[in-house]
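What follows is a set of notes on a single structure, which appears directly below.
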Amino acid sequence: AALASSASMMTLRAVQLRSVGVAATSARRTFSVSTAQAKSSLPDVVLVDGCRIPFQPSGGAYNDLMAYDLSRMALHGLLTKTAVKPTDIDYVLWGTVIQEVKTSNIARDASIGAGIPSNVPAHTVTQACISANQAICSAISQIQTGNAEVVIAGGVETFSDVPIRFSRPMRKAFLGLGKAKTMSKKMKLFSGVKAKDLAPEAPAIANFTTGEVMGHNTDRLCDRFGITREEQDAYALRSHQAANKAHIDGIFDEEITPVNGSTEEGGIRKDATMEKMASLKAAFVKPHGTVTAANSSFLTDGAAATLLMNKAKAEALGFAPKAYLREWVFVSCDPFEDLLLGPTYAVTSVLKKAGLTLKDIDVIEFHEAFAGQILSNLKALDSDAFFAKSMPGTQKVGAVPMEKFNVHGGSLSLGHPFGATGARLVTTVANRHAARGWGGLRDNVAHAFEQFPSFVHVGGAASSPPQFLHFCHCFLFSEPCSVLCSTFRMPFNGWPHGGLFE
């Protein structure tokens, strides 16, 4: 197929990076909190509570609202739910991926809009789909270093209204108008503009380094781990059915703040069946791919917030925390081959660091970007061959018990607003454990947010709030490009067109 020049440039960049071994030969790197001795002197950080607005498919219920509006509603919902005094808040941290130029520091604008005093500092963070988790991690650091005692952390995303730019040649021409003094010079600025340059540029969803979109990577990952289309559809169906049941049973009433009196979420397919899912065509690798719209998360509008405190401050204010936030780890891996395997590396790292095993975990939540990515990570975690090749000398984590795993659905059914999902998962996993009762103080809960690189924090308690384990990693977005595998001709064993993905 003919390749667009931008796609060719993206592929060239990927080839150049491969040629110097940027991704393939770099050792996987991990960043975590300091040594146990140093941590022993740090104050305990607790999760008081969290909430979110109902997540909705983009172009739906929030079609006329800005990310600012969604953020303000989530923040106001948290203030109302917890009854924390706005004057007690020391800092606000807020994550987002696609920035609205009118609110470049949306944390500041939204916090003021929610009624938080204007003398409370706030700043926005962005780290792709891990943005809310980075906000939470930064909040932990603010508290542990003594710079704050009460921090709100969360995030937002909307795809109902995203910045759409002029093309690069058009932008250059417009920016030059201010310096052009005569009409002839102004006209000359546009002389090189071609018809194709008149097309607008929407935010793209491919990895900037590799040029590959997430769906393509998931298709390759499924082939690598032998995940079938039927298995992916079955897992997606499980997610939708579980989320629908959770709503019917009122499970999410604890974490959703109503909007216009409703907590209903429009992304849950209540009438989903295997037959309906099987009727969908491949969404990325056509025609033989196994990733479809039915077994992928959808573009979502939403916002979520958490309230974190120094433990002593929480007790002084009369709050009973839901969990301690004990440890966190960032893990980065090869974006070409292991882009979606961050959870496997992160889970392995954090369990070892915390001195725990999978058997110690009672509540588990993973972010569901794609059903195939979830199933591939579950296989990798229990694969001797994968660990022998990718983490030599490290014992496999083991099989994840599905009766503990995403029992109320996940991003496939609830939706995935990039900047907010991490805060949703922190709240969900804490609420799930609280619903079990507080008798088992040694219980552990785990949550994984799955892309690249990885963020993990683990919590434990010797008394009161239960142990809290959180796994997270995120992927990167840039321009769409589907020619990477054509360039490298990566093998796809067992595929009907000669075993190659072209």
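The values are calculated or read from the model by the stated rules, or taken from the named source; none is laboratory data. Because the structure is a prediction, the values reported are computed rather than measured. Neighbour counts are summed over all protein chains in view; Cβ atoms, including those assigned to glycine, are modelled from backbone coordinates with ideal geometry.
Brief remarks follow.
- Considering the conditions (1) of a type outside the set (S, T, N, Q); (2) within 22 Å of the chain's Cα centre (by Cα); (3) surrounded by fewer than 18 Cβ atoms within 10 Å (Cβ to Cβ); (4) farther than 20 Å from Gly409 by Cβ, Gly226 is excluded by exactly one of them, (2).
- Condition met for Phe208 (surrounded by fewer than 22 Cβ atoms within 10 Å (Cβ to Cβ) and in contact with a Lys or Arg (Cβ under 6 Å, 6 or more places away or on another chain)): no
- The set of residues from region 382-406 being farther than 14 Å from Leu341 by Cα, part of a helix (DSSP H, G or I) and either out of contact with any helix residue (DSSP H, G or I) (no Cβ under 9 Å at 6 or more places or on another chain) or modelled with pLDDT under 95 (or both) comprises Asp384, Ala385, Ala388, Glu403, Lys404.
- Filtered by the rule that a residue be in contact with a helix residue (DSSP H, G or I) (Cβ under 7 Å, 6 or more places away or on another chain) and exposed (fewer than 11 other Cβ atoms within 10 Å of the Cβ), region 149-193 gives a lone residue, Gly192.
- For Thr209, the conditions (1) farther than 24 Å from Gly415 by Cβ; (2) not in a loop (DSSP other than H, G, I, E, B) all hold with the exception of (2).
- Residue within region 146-157 that is more than 28 Å from the chain's Cα centre (by Cα) and polar (S, T, N, Q) present: no
- With respect to (1) assigned to a loop (DSSP other than H, G, I, E, B); (2) exposed (fewer than 13 other Cβ atoms within 10 Å of the Cβ); (3) without any contact (Cβ under 8 Å) to a residue 12 or more places away in the chain, the lone exception for Gly146 is condition (3).
- Where Phe336 falls short, out of the listed (1) aromatic (Phe, Trp, Tyr); (2) modelled with pLDDT under 95; (3) under 23 Å from Thr421 (Cβ atoms): (3)
Table: residues versus (1) assigned to a loop (DSSP other than H, G, I, E, B); (2) out of contact with any Gly (no Cβ under 9 Å at 6 or more places or on another chain); (3) among the polar types (S, T, N, Q).
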{"residue": "Val291", "(1), (2), (3)": "yes, no, no"}
{"residue": "Val347", "(1), (2), (3)": "no, yes, no"}
{"residue": "Lys352", "(1), (2), (3)": "no, yes, no"}
{"residue": "Asn377", "(1), (2), (3)": "no, no, yes"}
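- Test: residue in region 215-238 that is polar (S, T, N, Q), touching a helix residue (DSSP H, G or I) at 6+ places or on another chain (Cβ under 8 Å) and assigned to a helix (DSSP H, G or I): yes
- One residue stands out in region 124-143 among those that are among the aliphatic types (A, V, I, L, M) and not in a helix (DSSP H, G or I): the one that is surrounded by the fewest Cβ atoms within 10 Å (Cβ to Cβ), namely Ala128.
- Just one of (1) under 20 Å from the mean Cα position of the chain (by Cα); (2) modelled with pLDDT of 95 or more; (3) under 30 Å from Lys313 (Cα atoms) fails for Ile130. It is (2).
- Verdict on Val151 being in contact with a Gly (Cβ under 7 Å, 6 or more places away or on another chain), under 18 Å from Ala423 (Cα atoms), in contact (Cβ under 8 Å) with a residue 24 or more places away in the chain and among the β-branched types (Val, Ile, Thr): no
- Of the residues making up region 294-319, those that are part of a loop (DSSP other than H, G, I, E, B) and surrounded by 13 or more Cβ atoms within 10 Å (Cβ to Cβ) number 6.
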